[in-house]
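To keep things clear, I will list the structure first and then write my remarks on it.
All of the numbers you see were taken from the coordinates with simple rules; none came from a lab. Quick caveat, the model's predicted, so the values are computed rather than measured. Backbone-built Cβ (ideal geometry, glycine too); neighbour counts: all protein chains shown.
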Number of protein chains: 2
Amino acid sequence: MQRILSSQLTAHVGATVRLAGWVHRRRLLKSVAFLVLRDAAGLAQVVVAAPDVRAQVEALTEETVVEVVGTVVANPTAPAGVEVVEPTVRPLGPPAVPPPFDLYRPALTASLPTQLDHASTALRHPTRSAALRISAAAVAGFRATLDRQRFVEVHTPKVVGSSTESGANVFALDWFGRPAYLAQSPQFYKQLMVGVFERVYEVGPVFRAEPHDTVRHLAQYTSLDVELGFVTDHRDVMAVLRETLAGMFAGVAERAGGALDTLGVTLPAVPAEIPAVHFTEALKIAGAPADEPDLAPAHERALGEWARAEHGSDFLFVTGYPMAKRPFYTHPDPARPTHSNGFDLLFRGMELVTGGQRLHRHADYLAALAARGEPVEPYAGYVDAFRHGMPPHGGFAIGLERFVARLTGAANVREVTAFPRDLHRLTP
Amino acid sequence: MQRILSSQLTAHVGATVRLAGWVHRRRLLKSVAFLVLRDAAGLAQVVVAAPDVRAQVEALTEETVVEVVGTVVANPTAPAGVEVVEPTVRPLGPPAVPPPFDLYRPALTASLPTQLDHASTALRHPTRSAALRISAAAVAGFRATLDRQRFVEVHTPKVVGSSTESGANVFALDWFGRPAYLAQSPQFYKQLMVGVFERVYEVGPVFRAEPHDTVRHLAQYTSLDVELGFVTDHRDVMAVLRETLAGMFAGVAERAGGALDTLGVTLPAVPAEIPAVHFTEALKIAGAPADEPDLAPAHERALGEWARAEHGSDFLFVTGYPMAKRPFYTHPDPARPTHSNGFDLLFRGMELVTGGQRLHRHADYLAALAARGEPVEPYAGYVDAFRHGMPPHGGFAIGLERFVARLTGAANVREVTAFPRDLHRLTP
């Protein structure tokens, strides 16, 4: 007999079925016992009356993996409107040792460190697994949107020969006796691949030896990277980002509706055109001094409130960040070269995405490095490529865990990461 | 005027259009000059008659990025049946320095090391980019097939606290002052996630400090990992692998037909049921001694010929490999415990995929490690998870670069890798 899932029970009323999953909970009443079975689709209520089966269920521990064969009956008072009666129960493994928290309670009451120490069981809780389902659905929406717009997926090296981008915060390793570093981003490679495919994306791990212990930082996270050529300026990049975000939310709605319900999350509407303000205007709106070189978190929150009040939007682009605060490969605003063609996207008053137009002329790279007093040599393989014809281009990167945390309202990015890596955590 | 792609010219005969791309080649005849423009979709022939534009084109170098505005006319003698006449040409950057090989020739004549040294331009050659398009399409097919079968995509740590699986061949790194290692596979994590989602997959980088300099080995490659719970044995895993492979080829057919034509590749048919032979039978077929513990490449070739002759199949499963040659987490064949419920899939006489059923009982892990004289401690976080209820499960892993190399007939896996990493190569 083919196994069915708990969600398929309603289609099998009157039939004998086979279920399999985990003993989620047992309730031993005087006249009857309930075994709540959890599988990938949800929960199934199994009603046990026969004394021998009841004795068996009494001896089972929570999280033991079992197979149940029984008859499906409609019961309006059962949680899903159906239940399984007259079951036989067969363990598929030895009795489980229950984890140090109750998975059957509505919320996990254990502290986050305890949950992370016991990730393989904590992630079984519906609130934790729902976040990961939303994550997978968002990435599927990301890819689908870009595939439709003729982007090509690439896979680039995660180990590089020189510590670029920011000298600090890199992990060093021994590469067959030579020094090497974990890649902090696929930035350079995705730009080079614009010369091959015009439009590329990558979903992959990036590594930051982040010495700060905060609720927002991980030492490994999943970066959703996009880069496209033949742009006029950063506004073409912002238009693709708008489509990509809308596609990610559509992916979540389509593939993870149950997970949204579990977490009580409503998806935001992405405006057809996301409002945009220039950095200098943003400082005024936030009430910040005109010579501030960057936006502080309090400024971002003020801008988020303004976008909601003025434009009814959860999203706001801030464009024209000062060049001094952006990486050397950032393209300046030709009309105002102290400011950049770089942007941030704020979501509910917090920075979610960074992007912009990049330099595309070899001479501009040499000048940009010279202006910062940086040598060309560590960047040679990257900078040289721009001698061979590169179109105007730009792109952006979305941190997947931050995206999911902000969407679900998780206070700590670790709540939406299966096995986080940080300053303190290298296991499990 | 909106830019169009070279592939859209036939739909615009009689109209004025804007193209943009790279100067692929120029042919300067006495009466007329041809500029062949390359964009992401292919090539466009631009006919230059006006003396001033001709002088401009004569001064252009190959690989310079330009924009062309002109009129589309049908011409049966033009390569695509259409060409662009009376053009204006506007460079979008400075004149390009041509790469050290001609990208317009049918084949790249430079040696593979030269190509890899100049990857950002060599990958622009249609034969090199075609392989990467096939790669992206195969991964899209992989995901689509598994998504349909309710697998959930996961992202797992690439840095781990202990060097497991095989003590050798790991890259060591400094993790905030503590020793750590690059993950050789997501094996343990994908198994743990079976306890959460029942069925999971991951597409991500894996790292092997492979000291051998061969055409088949990379120090970083992209692993397509699958794991599923509630299996009866390895045959359920093989059935999913069969569907996955068929889906990967379907993805390539659907999304990368042009790339297949470029490389002259015909997709193999995946039989509805891939033939399978037991390891002991495979030794007989290959003419190997009955006490051989593994299949040598020559044996695999003989088996490939046998599968083609006997079953008309490019694919052959070999099951029941001796336990001694499989990892400690491999599930033995209950009827014959010296042999495993592990399998390899041969494609045209070469191993393409390894998989099998895994142990799922905590006590079995302890016994398996003890039998190999290995301590439990380095595996504690992994092995402990099996105390909390894990279903019978199994899975497989496909090396993406090997898959594409075997499909396209590439002699060296580096030919189908954008920026390979190996014993010698850490740049670009």
Residues whose placed amide H lies under 5 Å from that of B:Ser313, excluding near-sequence neighbours: B:Arg308
Which ³J(HN,Hα) values, rounded to whole Hz and listed in residue order, are derived for the range B:398-411 from phi using the Karplus coefficients 6.51, -1.76 and 1.60 in 6.51 cos²θ - 1.76 cosθ + 1.60 with θ = phi - 60°, glycine and proline given as x? 10, x, 4, 5, 5, 4, 5, 4, 6, 5, 8, x, 5, 6
Counting DSSP beta bridges with both ends in the protein assembly as shown, the antiparallel % (nearest 5): 90
Once the label point is placed 7 Å from Cα along Cβ, list for A:Arg105 the distances to the corresponding points in the other copies, in nm, shortest first. 7.2
Measuring from the longest principal axis of the C-alpha atoms of chain B, the long axis of helix B:234-255 (C-alpha) lies at a number of degrees, nearest 10, equal to 0
With a ≥ b ≥ c taken as the square roots of the eigenvalues of the C-alpha gyration tensor of the range B:280-428, please select rounded if a/c is under 1.5 and otherwise prolate if a/b is larger than b/c or oblate if it is not? oblate
Report, in whole Å, the centroid distance computed from the Cα atoms of the range B:48-99 and the range B:245-314. 47
Put a label point 7 Å from Cα along the Cβ direction on A:Arg27, then list its distances to the equivalent points in the other copies in nm, shortest first. 8.1
Long-range amide H contacts for A:Gln184: which residues qualify at under 5 Å (H placed 1.01 Å from N, peptide plane, sequence gap of 5 or more or a different chain)? A:Phe207
Sequence-distant aspartates and glutamates (8 or more away, or on other chains) whose Cα lies within less than 12 Å of B:Lys190: B:Glu153, B:Glu198, B:Glu202, B:Asp225, B:Glu227
Can you give the Rg and Dmax of chain B based on its C-alpha atoms, in angstrom? 26.2, 84
Enumerate the amide H contacts of A:Leu359 below 5 Å, restricted to partners 5 or more residues apart or on another chain; note that Pro and chain-start residues carry no placed amide H. A:Thr330, A:His331
Working from Cα positions, state the angle (0 to 90°, nearest 10) between the long axis of helix A:362-371 and the longest principal axis of chain A. 90
Dividing the Cα convex hull volume of the protein assembly as shown by residue count, how many Å³ per residue is that? 189
How many nanometers, to one decimal and shortest first, lie between the label point of A:Gln149 and those of its other copies, if labels sit 7 Å from Cα toward Cβ? 3.3
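Please sort by residue number the GluC sites (Glu not before Pro) in the range A:188-287 whose DSSP state is loop and whose Cβ has at most 16 other Cβ atoms within 10 Å.
A:Glu273
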Mind listing the phi-derived Karplus ³J(HN,Hα) values for the range B:309-321, rounded to whole Hz, using 6.51, -1.76 and 1.60 with θ = phi - 60°, and x for any glycine or proline? 6, 7, 10, x, 10, 7, 10, 8, 7, 10, 10, x, 4
Could you please report the charge total around B:Asn341, scoring K, R as +1 and D, E as -1 over all other residues with beta-carbon less than 12 angstrom from its beta-carbon? +1
Pairs of Cα atoms under 8 Å, at least six residues apart: use those to get the relative contact order of chain A, whole percent. 13
Which chain B residue sits with its beta carbon nearest the axis carrying B onto A, and how many Å away is it, rounded to a whole number? B:Leu173, 2
If we count every other residue with Cβ under 9 angstrom of A:Ala33's Cβ, Lys/Arg +1 and Asp/Glu -1, where does the sum land? +2
Please list 3J(HN,Hα) in residue order for the range A:277-287, calculated via the Karplus relation 6.51 cos²θ - 1.76 cosθ + 1.60 where θ = phi - 60°; whole Hz, with x for glycine and proline. 10, 6, 3, 5, 5, 4, 4, 5, 4, 7, x
